[in-house]
Structures are given as structure tokens and as C-alpha cells.
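For reference, the structure is listed below as C-alpha cells.
The values are calculated or read from the model by the stated rules, or taken from the named source; none is laboratory data. These numbers come from a predicted model, not from an experiment. Ideal geometry is used to build each Cβ from the backbone, glycine not excepted, and the neighbour counts take in all protein chains shown. Remember, those area values only see protein heavy atoms, side chains included, never the ligands or the DNA or RNA. Shrake-Rupley method; radii C 1.70, N 1.55, O 1.52, S 1.80 Å.
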Amino acid sequence: MEGRIRVVPPSPPTRRPAPTGSRHLPARRLTRLTLILLLGVLLGGTAYWTWAASHRTPAAARTAEGPRPSPAEGQTGSSGTEDAGDAVARRPAAGGPHPATEAHRQPPASLSAGAFPPDEPAPGRAAPAFDLLIRGGVVVDGTGRPAYRADVAVRGDRIVAVGRLPAGRARRVLDATGLVVAPGFINAHSHTYEYLDVAPGGDADLLQGMTTVVGGVDGRAPTPLGPFLDRLERRRLGTNHALFAGHGSIRAAVMGTAARAPTAAELRAMARILERAMQDGALGLSTGLEYVPGRYARTEELVALARVIAPFGGIYSTHLRSEGDAVAAALDEALAVGREAGVAVNVSHFKVVGRSNWALQGRLIARIRRARDQGIQVVADVYPYPSPDYASALPLATAWDRYPPSGLLIRRTRVRGVEGLSLAQVARARGMEGRAAARWLLRQDPATRVTALVVSEDNLRQLLRQPFTIIASDGGARPLTTATGDALLHPRVFGAYPRVLARYVREQGVLTLEEAIHKMTGQPAAFFGLRDRGLVRAGMYADLVVFDPATVADRATWSDPALPPEGIRWVVVNGQVAVEDGRRVDGVLAGRVLRGGRDALVGRR
């Protein structure tokens, strides 16, 4: 049977006839000589093994790290250069000291009684082959292919086997019966790096199942980027971090907030900063064209800078100039930058804002499809909420006459029993029109805040179905202690990924589970060039999430946005369990800095 070692008893000795002739020794003398020889062998062997035990590293200590990784597995070579820009934490050399070594310098007193040191395998038992075995789960591997039942084995920071595997050969076994095992979720648009000083553990991200976050978005990133990434590598992080270089930050460093085109000298200065950022591991260039100073950049400036990132395989990630009335022209500009500079395009938090514009979305989707057919690599990241942050906590006093009553949710008020209801529902309950209901609420509590539903649910479902969309949160992980008191916090900070799995997979069937996981893992990993991540496959980094498909759900609401999700059982980051039974494991900070570069962008689609 698998994992069971068969012990074969020794064969009985073959009887031989006693020798005859003059050289034959008397039986009594022969017996005495045999006993003397046997005693000498036993004493000598005991002395040898006692000496050996005090001068060697136990077998388990020698094999616990596994074989020395090859350079392709991320092991840093003598040059100090990281493979594919992936800043892998240094591990002791395979032949170096092991934490258990000192404990085995002297053999335990019970050794002679048949006991063995904890890390020393008994005769007939193999040393543990795996550090972690996730057993009995349904694997959704990130490729989009149908789920299948398999065990997943981890050694060190890598997945080493997927299939039917022996539990007896693992140091730790997680029973995933009835659960889904998937790659750790990749947040394609994250602001978590902006909160690392107060939340280095990234708890809000990890509790959702995220293991990698992509930051430096919306044109904002540390400048210069290289020294920041170097400092980040020296810190302990909860999740993996990859960053873009920020156009707005670079522009501000060269020409402040000047509302004009750059001079030739200023453009060259921006190009030098950007080129250095790409050499230091940026994924590409991000823009925030609704913000100062990015809004002052003309298309020509963006194309010139995008050409700087092209030789590195860089990505142009853009917060469009408009998501409302001018969204069509804004999308055309983004596609033109990709076409003229020869770079891939990531449309950030893609949506069409405002009821009067909702009908435009079908035409915009057609434009993206046409661009992809023409060879431009385009994705759009989407978060699963009908309200962006700037519309999610508006004063009712200024919003009630700008939006229809059905499009306003009561988010925060002292009036009891109405939070979570739309203004239209409040009006019906009181037998009055929407405007009258708004005036009534403001008389009771002038500080009442509302969430404006400026994105169509039908449009959101349509976007999620597109093959070019990937999932993001557009949030940043905060500490739970401070997030709880933030009345303006967007629920995406704690709920985005479980919301997709609950609302749009299990409840509405907009996506299959395999499609949703692909959009959260394998697809963004391939597009951003995150080497050896995003799939459940032997040889990949062990970034994994285990969840209950029947119960996984977001609990964060507009009125109570700092509630962690449910149904996320375990989260593994680079081989270490960071979330267990839905709770953060104290002290586990296994994240790394993931750097882009010329050779990192493989298999993008």
C-alpha cells in the first residue's frame, strides 16, 4: 500500500555439515571463541556509533531543506543577482547548520532502549518527504481547466507534488476534504504598500486569500523605486509585493505640479528615472490621469515614456482620464499608447460610471476585443462593487438630488433601522416620495451618509464574463483595529475576493469556479510576469488558499466594512501557513518582493 514500508524478515540460516578432519576444533572451544569475538564486535560497534553521533548532522537535518535549488528555482547565485527579479529570502546552504543539529550532538539516554531522536527516522521508516501536505481537497489549479481531486505537497517554499500522495511522509497534514485548494489570489490593483508602515502583515489581504499584491498603481509609487524595493526586501512582509513605477510621482519629481507639457530636458529626466525603475524591477508604468499632476500629461508624453518600458517587456497600467462622460475617448487613448509604444495595456478598475453612460459599455468591450485581435495585449481589472470609493460615503445633504432614490444606500446615520436600505425603500416604508424621505432623514441626522450606486450591476456582470478581465480590489490592507473605526472604509478592503466567489460564482452563476479562480490567479500571474506563481503545479512557489466553496463569503458591508470574510480555511505564503481556520497566524511574515524585468514576462495573454 502507498506510504507503507514492508519489512521482510531475514531468512533462517542454512545448516551446513560440521567440518571433519584433523583441523576440526572441539565444540566447547569453538563456542568460547565465538562468544569472545561477538563481545568484541558489540563493544567496538557501540563505541563507533557513540562517536559518530557526536560528530555528524542527523539525516533528517541534512534532508529537511531538500535538495539545493537550482538557479531556476530562485536560489541566489554567487553574483548576488535574483532569478527573474524574484527577491527570494536567503536560506541556509544545504550542508549548513540546521536548527536541530545541536539537540543531536549527544545521543539520548533512551537510544539503547530502542527509541530514536525526534528527527532521526527509525529503521524501516523514511524521513518526511514533505513539510506540508494538503490532503483530500478539490484542486482548482488556476489554468481554467476543470477541477480535480488531488493532494498537494510542499517542501520549503515550493509545491513539489500534486496527486495521490502518502500522508505518512509529511511533517504536517491539512485535511482539505470538502474544500477547494487553489493558488493564492493575486490582487491586480492594490494600495497595500501605502500602509506597510502601519500594517506590514497585510492581514486584511491574507484573510481574503490574497498572497500577492500589485501596487504602485494610479500613477503613485515611491520615487526612486529601487531603494524602496531594497528596503522592502529587508522587511518582513505578510504578502508578496510587485510594484509599478508611477508616472505622476516621476513627473512631480521633475517638474512639480506644473500644468503644462514637459520641456525636452524634463522629458529626458523623466525617462531616465523610469528606465532606472525598470532596471530595478518595476512591472511597468502606471498613470492616474484624473489626478494632479497626471491629468496635465498629453498623449505624446505618455507614448514617449511607454517606449522606455517597452524593451523591458513593461506594462502600461492606466487609471483612465475619465470613467464617465468621456470614457470612450479615455479608453481610445490608452489603447493608442499601447499600439504606438508596443506595450501591453492594463486598464485599471475598469467601469462605466453614471446611468447616462451605462449603455456605452458594450461598445467599449468591442473596442478592447478589436485591439486584442490586432495584437495589443490588453487586460482590464475589475472589482466586484457598484460604487467606487469616491461615491461610497457621500453626505446625503449633497447627494439626494444628484442620484435617483433607488441608487442611494443609507450607509451611516443615527436614525435606527434604515442603514443598508435604499432611499427609495425608506420612502416606501414611510409612504412618501424620495425627496421627502431625504429631507426627513436630514432633519433626524444632518450627518447622514449614503453610498451612490454609480455602476450598473448588469454591466458589472457583463465585465466579469469577459475573457480579458481579471480581479482586483483597489483597496489597501489596514490593521483591523484602525479599520473598525473608519466610517468611510470601502468594504472591498476586507471582502472583494470572497464576494466574487459567493455572489458571482455560487449565487448568481456569472462565472464558474474555475473561471473565477483563473481570473484571480493564473491569468494575472501570466500577464504581470510573476514567474512560478499563480498555478497549483509542481515546481511553483507554494502560494495557496484553501476555502469552503459552500460557505465562502464576504461579510463586510457599507455600514460595517471592517468585517473579515468567512469560509477561508488556510492561506499559505511561500510554503508557510499564514492563515489558519480563518484567523491570522501570529508572526508569520513570509512575503517577498517580486521584481519584473526583461526575462520575467513569460506567457502573457
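Per-structure values
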{"quantity": "Principal axis box of region 189-342, alpha-carbon based, largest edge first, Å", "calculated": "41, 35, 28"}
{"quantity": "Cα-projected label distance for ALA265 with ASP581, points at 7 Å along beta-carbon direction, nm", "calculated": "6.6 nm"}
{"quantity": "Percent carbon-and-sulfur accessible area, region 459-605, ignoring ligands, DNA and RNA, probe 1.4 Å", "calculated": "47 percent"}
{"quantity": "Residue-normalised accessible area of region 156-200, given per residue in Å² at a 1.4 Å probe", "calculated": "37 Å²"}
{"quantity": "For region 143-238, the spread of Cα positions along each principal axis, largest first, Å", "calculated": "49, 29, 21"}
{"quantity": "Region 317-359 - accessible surface per residue (Å², probe 1.4 Å)", "calculated": "30 Å²"}
{"quantity": "Under Karplus coefficients 6.51, -1.76 and 1.60, residue-wise ³J(HN,Hα) of region 128-133 in Hz, glycine/proline x", "calculated": "x, 7, 10, 7, 9, 10"}
{"quantity": "Most to least packed among 541-551, 155-165 [average Cβ atoms within 10 Å]", "calculated": "541-551, 155-165"}
{"quantity": "Amide H contacts of ILE315 (H built 1.01 Å from N, under 5 Å, at least 5 apart or other chain)", "calculated": "GLY284, LEU285"}
{"quantity": "Sites matching GluC sites (Glu not before Pro) across region 385-471 that sit in DSSP coil, with at most 15 neighbouring C-beta atoms within 10 Å", "calculated": "GLU433"}
{"quantity": "Quotient of Cα Rg and 2.2 N^0.38 Å for region 334-487, N being how many residues it contains", "calculated": "1.28"}
{"quantity": "Region 128-283 - share of DSSP beta bridges that are antiparallel (%, nearest 5)", "calculated": "45 percent"}
{"quantity": "Protection proxy ranking, peptides 584-591, 328-335, average beta carbon neighbours within 10 Å, highest first", "calculated": "328-335, 584-591"}
{"quantity": "Bridge type composition, region 344-452 - antiparallel percent by DSSP, nearest 5", "calculated": "70 percent"}
{"quantity": "Local electrostatic count, ALA304, Cβ distance below 13 Å [Lys/Arg +1, Asp/Glu -1]", "calculated": "0"}
{"quantity": "Portion, in percent, of the accessible area of region 362-435 that falls on carbon or sulfur, probe 1.4 Å", "calculated": "46 percent"}
{"quantity": "Fraction in percent of alpha-carbon pairs per bin - 5 Å, region 487-605", "calculated": "2, 11, 16, 19, 21, 17, 10, 4, 1, 0"}
{"quantity": "Ordering of 201-208, 501-508, 227-234 by burial proxy (mean other Cβ atoms within 10 Å per residue, highest first)", "calculated": "201-208, 501-508, 227-234"}
{"quantity": "Karplus-derived HN-Hα couplings along region 551-567 (A = 6.51, B = -1.76, C = 1.60, θ = phi - 60°), whole Hz, x at Gly and Pro", "calculated": "10, 4, 6, 7, 10, 5, 10, 5, 7, 9, x, 9, 9, x, x, 10, x"}
{"quantity": "Percent of alpha-carbon pairs separated by more than 14 Å within region 510-554", "calculated": "56 percent"}
{"quantity": "Per residue solvent-accessible surface (Å²) - region 418-480, probe of 1.4 Å", "calculated": "42 Å²"}
{"quantity": "Solvent-accessible area, 1.4 Å probe, carbon plus sulfur percent, for region 133-234", "calculated": "49 percent"}
